[in-house]
1. Among all lysine pairs in the chain that are eight or more places apart or on different chains, how many have alpha carbons less than 28 angstrom apart?
2. Most mobile of C68, C59, C15 per a Gaussian network model of the chain (Cα springs, under 10 Å)?
3. With a 10 Å cut-off between alpha carbons and a GNM built on the chain, which of I94, I36, I21 moves the most?
4. For the chain, with a Gaussian network of springs between Cα atoms less than 10 Å apart, report the residue from E40, E89, E69 with the top mean-square fluctuation.
5. Once Rh is set to the Kirkwood radius over Cα pairs, what Stokes-Einstein translational diffusion coefficient, in µm²/s, holds for the chain at a temperature of 4 °C and a viscosity of 1.567 mPa s?
6. Output ³J(HN,Hα) for segment 84-97: one whole-Hz value per residue in order, computed from phi by the Karplus curve 6.51 cos²θ - 1.76 cosθ + 1.60 with θ = phi - 60°, and x for Gly and Pro.
Amino acid sequence: KVIQTTDKEKGLLVCSSNLKIHTPTKDGKSEVMAGIVNFELRIEARDGRYRYTITHFVCKNGAVTQNCEQWLDQNKAEWTPVRNGHLKEVDTYIQTLIKSLEDV
């Protein structure tokens, strides 16, 4: 289910993936899952080159679905400081993904 689209002639591969984000417990001794962030990875290849684009970051937590971009706006009523940790988790995961793409 990860691969959504393949087009060999156009050199296109579109994948859908996700990662879990966590929130520290009140005592700070452990973490609980705060949701699942879904995203799209698009790889375009031709003439010995490739380009990747990672977009559509959407978090699902039970019945609540929201774009992760909203976490950047500290003026929104639903923003909390824990969002910075969530953004850092997403960034760390994506940076590791990018490194693995570049190592291939």
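1. Here the count comes out as 22.
2. Ranking C68, C59, C15 by mean-square fluctuation puts C15 first.
3. Most flexible of the set in this elastic network: I94.
4. Fluctuation is largest for E69.
5. Working: Rh = 15.4 Å.
Calculated translational D: 84 µm²/s.
6. After applying 6.51 cos²θ - 1.76 cosθ + 1.60, I find 4, x, 5, 4, 5, 4, 4, 4, 4, 5, 5, 4, 5, 4 Hz.
Values quoted throughout were computed directly from the atomic coordinates according to the rules given, and no laboratory measurement underlies them. Given the structure is predicted, the values throughout are model-derived calculations rather than measurements.
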